[in-house]
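Take a look at the structure set out below.
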Number of protein chains: 2
Amino acid sequence: MPFDDKKGMQIAYEEALEGYKQGGIPIGACLIHEDGRVVGRGHNMRVQKDSMTLHAEISCFENSGRLPASLTKKCTLYSTLSPCTMCTGSALLFKIPRVVIGENETYMGGEDWLAKHDVELINVKDNRCKDLMDKFIKEHPEIWNEDIGE
Amino acid sequence: MPFDDKKGMQIAYEEALEGYKQGGIPIGACLIHEDGRVVGRGHNMRVQKDSMTLHAEISCFENSGRLPASLTKKCTLYSTLSPCTMCTGSALLFKIPRVVIGENETYMGGEDWLAKHDVELINVKDNRCKDLMDKFIKEHPEIWNEDIGE
């Protein structure tokens, strides 16, 4: 993968790892501008903040501040896991043209919806992302099921 | 409309009005369980919290605490305005079977996506909701355009 995608997924993975260390669901995300700037980063905060909506991508946007779509439409969104319908919908709202994910074996969200709106989706199949999720789900299946609405 | 929908839209409208008084975008939402309990309520916090993601519906979910889908799948989501793609995606994630909106003339979000997933959508065409948005957009067109990703 190109340098920037490697960097983006590395940051997303570090966020996932940080979430895991906090006892949370290990999914991380970051937002990188086409000029290389890291605009935002974050991880799932369901456990840490008792939050239904702070998935990794939403946390990342929250941590980015109040960005206009004129900026986000020049960004790539990285996530260690395929975004759920809410996070997919946020990418569409913010006109993000490109989404790079670590894996979609653990969960597949709204990929068809991204495709329908011509958002480029790249799955880099990063085993570290899947291994971390496998570990968490084995330890806390009930928290994971809650997060994906099961 | 049935009593509960009248009550739900009244609460959502009061939230929108509260947002307006705070100088924010006047869109409100609430979540009501089929047993009549008001599970959550909130309004758009873009201006108040410099937030990209705290639309009325997301605020409402955040204020509701960490609810499982076993509860949200028995709720109706009320919003003074047709939900954007992010908020539509959150309703789908939380398996909400019924969405009641005040209007969709100011903006229409992911209604087709709700229909595709058999979520019941009811537009009660509440003029108070539209009048409040008209007033706000006339006063702050740039804030409104930012909120819908223009």
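What follows is calculated from the coordinates using simple rules that are stated; it is not laboratory data. Owing to the predicted nature of the structure, the values given are computational and were not obtained by experimental measurement. So basically every Cβ, Gly included, is an ideal-geometry build from the backbone, and we count neighbours across all protein chains shown.
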Considering only DSSP beta bridges where both residues belong to the protein assembly as shown, give the percentage that are antiparallel (nearest 5). 55
Other chains' Cβ within 10 Å of B:92-105 residues: what's the mean? 2
Normalized C-alpha radius of gyration of the protein assembly as shown, against 2.2 N^0.38 Å? 0.96
Copy-to-copy label separations for residue B:7, where each label sits 7 Å from Cα toward Cβ, in nm and ascending: 5.5
Can you pull out the trypsin sites (Lys or Arg not before Pro) in the stretch A:1-64 that DSSP calls coil and that have at most 12 other Cβ atoms within 10 Å? A:37
I need the trypsin sites (Lys or Arg not before Pro) found in the stretch A:105-150, filtered to DSSP loop residues with at most 13 other beta carbons within 10 Å of theirs. A:125
Nm distances between the label at residue A:70 and the same-position labels in the remaining copies, 7 Å along Cα→Cβ, shortest first? 4.9
When chain A is modelled as a GNM with alpha-carbon springs shorter than 10 Å, which of A:81, A:31, A:121 fluctuates the most? A:121
As a footprinting exposure proxy, order B:4, A:118 by other Cβ within 10 Å, with the fewest listed first. A:118, B:4
Within a 10 angstrom radius of each residue's Cβ in B:111-117, how many Cβ atoms of other chains show up on average? Whole number is fine. 1
Can you list, shortest first in nanometers, how far residue A:123 lies from the same residue in the other copies, with each label 7 Å from Cα toward Cβ? 3.7
Taking 25 Å as R0, compute the FRET efficiency from the Cβ-Cβ separation of residue A:105 and residue A:18 and round it to 0.05. 0.65
Mean other chain Cβ within 10 Å across B:82-88 is 6
Taking H placed 1.01 Å from N in the peptide plane, check which residues at least 5 places from residue A:40 or on another chain put their amide H under 5 Å from its amide H. A:31
Rounded to the nearest 500 deg cm²/dmol, what is the calculated helix-only ellipticity per residue at 222 nm for chain A, with -39500 (n - 2.57) per DSSP H run of length n ≥ 4? -13500 deg cm²/dmol
Considering the rotation that carries chain B onto chain A, locate the chain B residue whose Cβ comes closest to its axis and report the distance in whole Å. B:89, 1
Taking the Cα centre of the protein assembly as shown as origin and charging only Cβ (+1 Lys, Arg; -1 Asp, Glu), how large is the dipole, in debye to the nearest 20? 340
Towards the positive end of the charge dipole of the protein assembly as shown, with charges on Cβ (+1 Lys, Arg; -1 Asp, Glu), say which of A:121, A:36, A:99 has the farthest Cα. A:36
Nearest 10, in degrees from 0 to 90: the angle of helix A:127-139 to the longest Cα principal axis of chain A is 30
Kirkwood-based Rg/Rh on the Cα set of chain A evaluates to 0.93
To two decimal places, what compactness ratio does the stretch A:1-84 give when its Cα radius of gyration is scaled by 2.2 N^0.38 Å? 1.03
Considering only lysines 8 or more places apart in sequence, or on different chains, count the pairs in the stretch A:39-150 whose C-alpha atoms sit under 27 Å apart. 16
Within the set A:16, A:29, A:115, GNM on chain A using Cα springs under 10 Å gives the largest fluctuation to A:115
Under-5 Å amide H pairs with residue B:121, H placed in peptide plane, nonlocal only: B:99
Can you tell me the 0 to 90 degree angle between the C-alpha axis of helix B:3-21 and the longest principal axis of chain B, rounded to 10? 30
